[in-house]
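Following: one structure in structure tokens, then a few remarks.
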Amino acid sequence: MKIMQAIGGAGHGGAETFFVSLAGAFHRAGHEQLLTMRANDVRRAQLEEQGLSPIELKFGGRFDFRTKSRLQKLANDFKPEVFISWMSRASQVTPSGDFLKLARHGGYYKIKNFRKCDHIVANTEEICQTIVEQGWPQEKTHYIPNFIRWRGAPPVSRASLDTPNEATVLLSLGRLHQNKAMDTALHVLKKLDHCYLWIGGTGALQADLEKLAEDLGVSDRVRFLGWRTDKEALFAAADICLYPSRIEPFGNVTLDAWASGTPIVAAASAGPAAYIRHEKNGLLCEIDHVEEMADRVQTLIDNPTFATELASCGKAEFESKFTEQAAVQNWVNLFERLA
């Protein structure tokens, strides 16, 4: 199929990451694509590594008239069968034409920004429900879960991250944002004096989190890794995935942990709670409940056989539902049904 996609985000959030993943998946499945995005060197490099050449547009907001006209001309020339917009900014400049117009939701947005779209595709059933509650038609709301393309890697050297080999390593990935609750992870670490915590991600709260680590007396056991592109190597070296997010509509980190065979302890925000079955393929705890989260981690440390069983069940869950091949087929089935 001929697929055109547009994303206007500038950062390194979940939508931007999944845009790269889905574009690559469509490409590997043989679908012709035209990709447009806001300028971003990291994202461009990731797409080019997969054999894709995105077109960069400004996506500058209300007074950016050039992006809308440029996007329309690209659509007129390319003649897509499907147009997929990501988040509000790109959806507001959806071009007109005789093709299917879909908006992909991985979070909570105002429906008024998607009036130019025919259908909305959300990555959790809970988001689908909130979309319908805002007045969007049920029959034009569709659920397709995320996927990840997991390629195993040798573990990163613990010595390179100044971490003892005998330590229990907790790995937390995500933006340094209030929603991701890395402050909770630091408080959990305070209660686990035999553990080290690796935090992978960037964001405005880094200085605040570094100060908190000092105040809690755990700065010698925390490693702020910055933005990383080697998550497979990090998971291979870590013992437990710690996922404390307060707000997480889906949460690809759950899939990362499952695919890598790493036991996961997660706060019961919407995404993790929808997919993790407590004591079956992971452990859940109340959001921001430091004591409970620390106890869950300690349970895995004290019961390695149980930890291995959870990890194995998580891996089986991933392989049955969340692979690239399953996701592409889900999308293509939707295209064909709606067309």
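The values are calculated or read from the model by the stated rules, or taken from the named source; none is laboratory data. Given the structure is predicted, the values throughout are model-derived calculations rather than measurements. No Cβ is skipped: glycine too gets one built from the backbone with ideal geometry, and neighbour counts run over all protein chains shown. Heads up: the accessible areas ignore ligands, DNA and RNA and are worked out on the full protein's heavy atoms, side chains in. Shrake-Rupley method; radii C 1.70, N 1.55, O 1.52, S 1.80 Å.
Dipole of the chain (Lys/Arg Cβ +1, Asp/Glu Cβ -1, origin at the Cα centre): which of SER69, GLN138, PRO54 lies farthest to the positive side?
SER69
Does region 140-207 come out rounded, prolate or oblate, given a ≥ b ≥ c as the square roots of the eigenvalues of its C-alpha gyration tensor, rounded meaning a/c under 1.5 and, failing that, prolate meaning a/b above b/c?
Here region 140-207 falls in the oblate category.
About the Cα centre, and with charges only on the beta carbon of Lys, Arg (+1) and Asp, Glu (-1), how big is the dipole of the chain? Nearest 20 debye, please.
So the magnitude is around 1700 debye.
Counting only GluC sites (Glu not before Pro) that are in a DSSP loop and have at most 11 other C-beta atoms within 10 Å, tell me the longest site-free stretch of the chain.
By the stated rule (loop sites, at most 11 other Cβ atoms within 10 Å), 1-165.
Once the dipole of region 71-117 is set up with Lys and Arg at +1 and Asp and Glu at -1 on Cβ about the Cα centre, which of TYR109, PHE78, VAL93 lies farthest towards its positive end?
Most positive-ward Cα: TYR109.
In debye, nearest 20: dipole of region 51-176 around its Cα centre with unit charges on the Cβ of K, R (+) and D, E (-)?
Using Cβ point charges on Lys, Arg, Asp and Glu, region 51-176 gives about 660 debye.
Anyone know which of GLY314, GLY14, GLY30 comes out most mobile in the 10 Å Cα GNM of the chain?
GLY30
What helices does the chain hold that run 24 Å or longer along their axis, going by alpha-carbon atoms, with a Kyte-Doolittle average of 0.5 or more, using DSSP H for the helix calls?
Long hydrophobic helices here: none detected.
Leaving ligands, DNA and RNA out of it, work out the accessible area of SER320 with a 1.4 Å probe and give it in Å² to the nearest 10.
About 80 Å², ignoring ligands and nucleic acids.
Would you mind classifying the chain by shape? Square roots of the alpha carbon gyration tensor eigenvalues, ordered a ≥ b ≥ c; an a/c under 1.5 is rounded, otherwise it is prolate if a/b is larger than b/c and oblate if not. Provide the component values of the computation, followed by the final result.
Numbers: a/c = 1.95, a/b = 1.79, b/c = 1.09.
The shape class here is prolate.
Just list whichever of LYS68/LYS140; LYS190/LYS321; LYS112/LYS231; LYS58/LYS231; LYS58/LYS112 have alpha carbons separated by over 26 Å in the model shown.
LYS190/LYS321; LYS112/LYS231; LYS58/LYS231
If you keep only loop residues by DSSP, which trypsin sites (Lys or Arg not before Pro) in region 40-104 have at most 15 other Cβ atoms within 10 Å of their Cβ?
Answer in residue order: LYS58, ARG62.
Using the Cα centre of region 156-292 as the reference point, and only Cβ charges (+1 on K/R, -1 on D/E), how large is the resulting charge dipole? Debye, rounded to the nearest 20.
Computed charge dipole of region 156-292: roughly 340 debye.
Could you put TYR109, TYR243 in order of accessible surface area, largest first, with the 1.4 Å probe and the full protein assembly present?
The ordering from most to least exposed comes out as TYR109, TYR243.
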